[in-house]
Each structure stands twice: as C-alpha cells, then as structure tokens.
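Read the structure below first, then the notes.
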Amino acid sequence: MTREPRSPVPESELIDRVLAGDPAAERALYGAHVDRVYRLAYRLAGDPTLAQDFTQETFIRAFERLRDFRGESALSTWLSSIAVSVAFNGLRKVKRFRTREMDLDDAKSVGSVGRRSEPDLKVRLARAIDDLPKGYRTVFVMHDVEGYTHEEIGATLGVEIGTSKAQLSRARARLREVLASHAGEWKA
Amino acid sequence: MNDDRLDEQLHDAAQAYNLPPEPPRDEMWENIRAAREARRSRQPGAEVINFRRRLAWPIGLAALIALAFGLGRMTGPSSRATAPIASAVTTPRATSSNPAAQNTAYTVATVQHLARADAFLTGFRADARKGRHDAQFTGAARDLLSNTRLMLDSPDLTDPRLRSVLEDLELVLVQIAQLPSEHGGDQLDLITDGLKQRGFIPRLRSAIPAGPASYVPGES
C-alpha cells in the first residue's frame, strides 16, 4: 500500500460513518492518520516492532472509544494523545519486564538503538535525547523533531502551553551543552 | 559557536533521531481488523459490562491472593516473578468450595498471566529484531510455559477461544524455551516471523479484557 491521500470526505462525516459501522470509513480514517501516528510512535520507541505494536493499539483503542470523541480538539490531536499514552505504557511495561525478569544492565536501552560507542555527533545527540527526562524528551521530539505546535503538544499531553515551552527550552539547553562539548572536542 | 548556530545544528541533527522507516500500513491494518474482530466476537457490549460487574468483588479476592502471594515471595526462598500465577490458579481450589469464585479467580489469574506474556513477547520480539538473544529469555519463557500448562490443565478452562490462545502461547513459549544460547539466529527468525504471520500478539491482547482485571501485581 502506498501512502494514501487525505480523504476528500469531511472528518466529522467520516467519524459519523465509522460510528455507524461503515468499514470503508474506518479504513479511510486509518489511512488519513496512520503515518503521523506511526512516526510519533517510532520516534518515541526507536524500534519498528514496538512502533508497529503501539500504532496498532492506538487505532484499536481509538475505534473503541470514538464515541467519546467530542471534537474539542482535532482528531489528529486526540489520536496523538492516545498514541503517547500507549507508547509510555508500552515502554514502561517492557522496561519493567526486562529489569525484573532479565536483570539487564542497560534497561534504558528501551526506546533507543545500540549507539553507545560511536563518536558521531548524531549518535551522541541521540544518546543525549534518550537520556533526557521523559517530559523533556517527549516535548522535544514532538516539537523539534515532528513539528507539533505547543498548542497541539499541550492538548496531547494535557499540559499548559507554558509548560510545553518551558520543557522544550530546558531540553534544548541540555542538548546544546552536548553539542558545545562535541564542538569543543573537535576543535581540540 | 553562538546559540543560533548551535540551535540550527541541533535542529538538523535531531531530524535523524529515531528516523522512522516507511510504515507497514497494510500489515498493521490487517492486525487491527483481526484484533477488533476478535474483541467484537468475544465481548458483546452487554456482556462486557456484566463481566466487569461480576469481576468487581472477585478482584478483591484476587488482590488478597496476590497479597498473600507477595508476602510469600518476601518470606519464601523463591522470587520467580511468574510464581503468583500458579498460586492463584491452585489456591482457590484448595480454599473455596464456591465454583463461581473458583472460576472468577481462574479468570483473573489468566488475565494477569496473559498480560505478563504480552509484555514478555513484546520485549522478546523487539530484542530479536535487533539480533539480541539473551539466555535469560529462555528462563522466563520456561516459567511462563509452566504456568500456561497449569492453566490449560485446569478444569476451569471452559472458554474455547481462551484455550486456543493458551495453546498457541504454549507453542511459542516452547520454541523460545528451546532456543540454543548461541547460533539461534535462524530459529529466532522463525519464531518472530511466526508470531507476525499468525498475528498472535494482537490475538493475545484481545483475550485480555481492559480495565481492572488486567491488573498485574507489581505493575501499574
């Protein structure tokens, strides 16, 4: 399947048709939003299997709860909030399971790919993003990586816009330090 | 280097962070459809409510079992994380003569077991994909396997769909438990491909009702 164009049907009509049990409308709604949900899930999980699981679970929950969607935010924002919640829970579950059952030394590697040794700037930055506190990391990924606005982030995470801005600013400050030290090493 | 230049570099470098590949849209859609279909056929609306209502008081019983079991873990010699499940399956039979309570305790224990199996298989698949195979996975698979077999052997197992999920789970766990500690790459691929093709994890999840019944001791 190639990337699907946005459905020409207005979203509210599409939602009504999904609620009425129209399978074609379900597919159209999925097609319109799956890329954005998958991208966010992948950026947070850093793993194709987990991203796929989280995306599937997001849509399963969304279809189950669509009747509760009041239209107070955009459907895409509502879906993002489900995706973030699913991803947080999923990552926590996997991390706890590994820590408890496997006693792995590096439980933090959930949500990151093996990148502990290379000196490359992108690798170092990725490590630094992985190590950010969860709130900072989420806001940074959503805003600076995926291009969400602070309004969307606030609605998705259920936080004030000011909180989103503050967390982004702190995240950037920490990452700038990493960049600056990297630049310093290069000069040296 | 000034802040603007750093921000520009930061922005550029951040685009490569966990860069997503092309989404497997069709595969995900098929899994979503299958999972929703399974949930629909398993839980007609009214029954879900009744099921949860029926579960309300037995959850207390299950919590007591979990607590007793937690105390046992703290004082006993074994600390295996999956042991509570076996206790939850066997304890009601020994202590309760009420068949409804037995059956509900069985259901609660099964839900906990499936939630644990879900977390295990999700972690296993993610690691397998990165080519990582830890010998401790096989140990955890063996623990889950023995609980799965206990559940399959229980006379309280009357739901054919649940039986089918548990039987499939048993097969998967047997495969993982028998993985060689080295050179298991091909078998690892076979297991993960099999999980994917059969859409087993969505089916497993569809057997776990949402809500308080999916509480797993030690997880929130």
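Those residues that are more than 12 Å from the chain's Cα centre (by Cα) and part of a loop (DSSP other than H, G, I, E, B), I need them from the stretch A:5-46; list them, please.
Of everything in the stretch A:5-46, those that are more than 12 Å from the chain's Cα centre (by Cα) and part of a loop (DSSP other than H, G, I, E, B) turn out to be A:5, A:6, A:7, A:8, A:9, A:10, A:20, A:21, A:22.
Regarding residue B:171, is this residue of a type in the set (A, V, I, L, M) and under 21 Å from residue A:50 (Cα atoms)?
no
Look at residue A:125 and say whether it is facing chain B (nearest Cβ under 10 Å), closer than 18 Å to residue B:20 by Cβ and at pLDDT 55 or above.
yes
Within the set of pairs 6+ apart or on separate chains, which have a first residue in the stretch A:127-146 that is farther than 18 Å from residue B:12 by Cβ, a second that is of a type in the set (Val, Ile, Thr) and part of a helix (DSSP H, G or I), and C-beta atoms under 7 Å apart?
A:137/A:129; A:138/A:84; A:139/A:153
Tell me, please, whether a residue that is part of a helix (DSSP H, G or I), in contact (Cβ under 8 Å) with a residue 40 or more places away in the chain and of a type in the set (Val, Ile, Thr) can be found in the stretch A:60-71.
no
Residues checked against (1) within 9 Å of chain A (Cβ to nearest Cβ); (2) touching a residue at least 12 places away in the same chain (Cβ under 8 Å); (3) among the polar types (S, T, N, Q):
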{"residue": "B:8", "(1), (2), (3)": "no, no, no"}
{"residue": "B:23", "(1), (2), (3)": "yes, no, no"}
{"residue": "B:26", "(1), (2), (3)": "yes, no, no"}
{"residue": "B:30", "(1), (2), (3)": "no, yes, no"}
{"residue": "B:37", "(1), (2), (3)": "no, no, no"}
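Can you work out which of the residues in the stretch A:41-71 that are of a type in the set (Lys, Arg) and more than 9 Å from every other protein chain (Cβ to nearest Cβ) is nearest to residue A:86 (Cα to Cα)?
A:65
Any idea which of B:173, B:179 is buried (at least 17 other Cβ atoms within 10 Å of the Cβ), of a type in the set (A, V, I, L, M, F, W, C) and at pLDDT below 80?
B:179
Tell me, yes or no, whether the stretch B:41-55 has at least one residue that is touching a Lys or Arg at 6+ places or on another chain (Cβ under 7 Å) and either under 30 Å from residue A:44 (Cα atoms) or modelled with pLDDT under 90 (or both).
Checked against the condition, which is being touching a Lys or Arg at 6+ places or on another chain (Cβ under 7 Å) and either under 30 Å from residue A:44 (Cα atoms) or modelled with pLDDT under 90 (or both), the stretch B:41-55 yields at least one hit.
The values are calculated or read from the model by the stated rules, or taken from the named source; none is laboratory data. Please read all numbers here as calculations on a predicted model, not as lab measurements. Backbone-built Cβ (ideal geometry, glycine too); neighbour counts: all protein chains shown.
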